[in-house]
Amino acid sequence: MSRRRRTPDSAHTEGAAARAGAARVVAAVMDDGRSLDAALAEQSVDLSPSDRGLVSAMAYGVLRDYRRLEALLAPRLSRKPQPLLRALLLVGLYQLEAMRVPPHAAVHATVAASASLKLGKARGMVNAILRGHQRDAGKASEEAAPGVRHSYPDWLVERIQADWGSQWTGVLEGGNRPAPMHLRANARHGDRLVAMRALEAAGLRCEAARICDSVLTLDEPVAARDLPGFADGRVSIQDGAAQLAAVLLGARDGHRVLDACAAPGNKSAHLLERTDIDLLALDIDADRLQTLEQTLARVGCRARVQTADAAEPDSWWDGRGFDRILLDAPCSGTGVIRRHPDIKWLRRPKDIAAAAERQRAMLDALWRTLAPGGRLVYATCSILRAEGVDIVDAFLARSDDAREVPIDAHWGFAERRGRRIAPGMHGFDGFYYAVLERASA
């Protein structure tokens, strides 16, 4: 029986499907306003596992470096290309700039992808632009504007410069680095050394973070299904910064606790793994609450789960004060750009103001549900002061029965109120925390 010979050209053509898929994802985000997660899920349906991984790597890379890649592309264009063609060209440039793909293979497969995208007439143009870039080894000028050099929109660069002072370049660079994979060890199954031994026995090297006693950092990311202990709730996937919420809340056995924006459920699960509490997990999104219930079932914990708007307590509160409230408020997500690079391009300045107004409303509404002497932790995965210290400052100024509890910690930076973490600091996502207590009756 004869075997079909796999020629170099056929190998490159097979790689065209992944390039075409990545181009569709980039165009869906940049031109249609789709989220990266949704666009990737749509494109991954008919791809092999290896192609799915390649599509994800290229799409993430292009969106992280989008503006700088556009600066490399612009001088090579005589006219503005249609969105899908532009996306394909950026995918090709990203491969040449940053991926360990042989240049001839990257060019050939990207040119071949033009046919499956119904851009066959542009084959010559794609080939010429990529080979020209390969020949010139073009790099963006170091004198380019910060937004181009770091690949962020100008308005966001300006906000970060204003909010972070001399640290602004580190904040931008931290947001562009791929995030490590953090795990949370379930305290109900022993300390994290038990989880570490199970991971290492499976050939997965990890390190215990000093800052939080539940955090493990894997040397290399793996699929959840390949994590020993994930299916039975011994470990969960959660960034280290997010795990600080349960520590700061300081809930004790028997406390009535509210997780006000609980979906998809990792913080609720962490609280329940640490203490025996009466937890109400609240969220406005019923679909995401289904994920929360699945998460709690996996880790073997229970809570009361309710679909409601935390900013409208009259619709869900029974009048009994909570001992602890976690308000992980909806925000811009600028602290998790390294995991979701599409945030850079999908957010607008008006979104920050809208998020801040929502955060103010939720904090005011929830405060009256906190029992005298109780504690509320305010958190956002934002690196902007408008969604962090400014919210807490204004709240304390208008609230006679509220006081800040300073966070005595060795992580992050102390703010006027609370502490914040820059993206990549301690290996964690960008985050802001403040601890507030209500005066005793």
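The values are calculated or read from the model by the stated rules, or taken from the named source; none is laboratory data. The model shown is predicted, which means the values in this text are computed figures rather than measured ones. Glycine also receives a Cβ, built like all others from the backbone with ideal geometry; neighbour counts cover every protein chain displayed. Note: areas computed on protein heavy atoms with side chains; ligands, DNA, RNA excluded. Shrake-Rupley method; radii C 1.70, N 1.55, O 1.52, S 1.80 Å.
A compact table of results
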| quantity | calculated |
| --- | --- |
| Between 0 and 90°, nearest 10: helix 83-98 axis offset from the chain longest Cα axis | 90 degrees |
| Highest-fluctuation residue, Glu173, Glu415, Glu220 considered, GNM on the chain with Cα pairs under 10 Å | Glu220 |
| Computed lengthening from Asp287 to Arg135, 0.36 nm per intervening residue step minus Cα-Cα distance | 49.7 nm |
| Local electrostatic count at Leu249 - Lys and Arg +1, Asp and Glu -1, tallied over other residues with Cβ under 12 Å | +1 |
| Proximal charge balance of Arg205 [Cβ under 9 Å; K/R count +1, D/E count -1] | -4 |
| Simple spin-label estimate for Ile237 and Val194 in nanometres, 7 Å along Cα-Cβ | 2.4 nm |
| Packing-based order for 237-246, 146-155, using average beta carbon neighbours within 10 Å, highest first | 237-246, 146-155 |
| For region 313-372 and region 96-174, distance of Cα centres in Å | 34 Å |
| For region 349-441, size of Cβ-based charge dipole, Lys and Arg +1, Asp and Glu -1, in debye | 60 debye |
| Cα-centre dipole for region 286-429 with unit charges at Cβ (Lys and Arg positive, Asp and Glu negative), debye to 20 | 440 debye |
| Ratio Rg/Rh, restricted to the chain and using Cα atoms, in which Rh is the Kirkwood radius | 1.02 |
| From phi via Karplus (6.51, -1.76, 1.60), per-residue ³J(HN,Hα) for region 299-309 in Hz, x at Gly/Pro | 8, x, 10, 10, 8, 7, 10, 9, 8, 6, 8 |
| Cα-derived Rg over Rh, computed across region 334-441 with Rh taken as Kirkwood radius | 1.00 |
| Point-charge dipole on Cβ atoms (K/R +1, D/E -1) for region 323-381, about Cα centre, debye to 20 | 200 debye |
| 1.4 Å probe accessible area per residue over the chain, in Å² | 46 Å² |
| Residue (of Ala394, Gln238, Thr110) at the positive-pole extreme of the chain, dipole from beta-carbon charges | Thr110 |
| Inter-site label distance for Gln167 and Glu207 at 7 Å from Cα along Cβ, in nm | 2.0 nm |
| Over the chain, relative contact order from alpha-carbon pairs under 8 Å, at least 6 apart, % | 13 percent |
| Most fluctuating residue given options Arg79, Arg348, Arg68, as computed from a GNM of the chain linking Cα atoms under 10 Å | Arg79 |
| Theoretical FRET efficiency, 1/(1+(r/R0)^6), r = Cβ-Cβ of Trp316 and Ala98, R0 51 Å, to 0.05 | 0.60 |
| Alpha-carbon centroids, region 413-432 and region 18-61: separation in whole Å | 31 Å |
| Region 55-131, accessible surface, carbon-and-sulfur percent (1.4 angstrom probe) | 53 percent |
| Summed side-chain charge close to Pro341 - residues other than Pro341 whose Cβ falls under 15 Å, Lys, Arg +1, Asp, Glu -1 | +3 |
| P(r) of region 181-238 over all Cα-Cα pairs, binned every 5 Å from zero, in whole percent | 4, 22, 38, 27, 8, 1 |
| For region 144-269, the fraction of alpha-carbon pairs in successive 10 Å shells from zero, as % | 11, 33, 26, 22, 8, 0 |
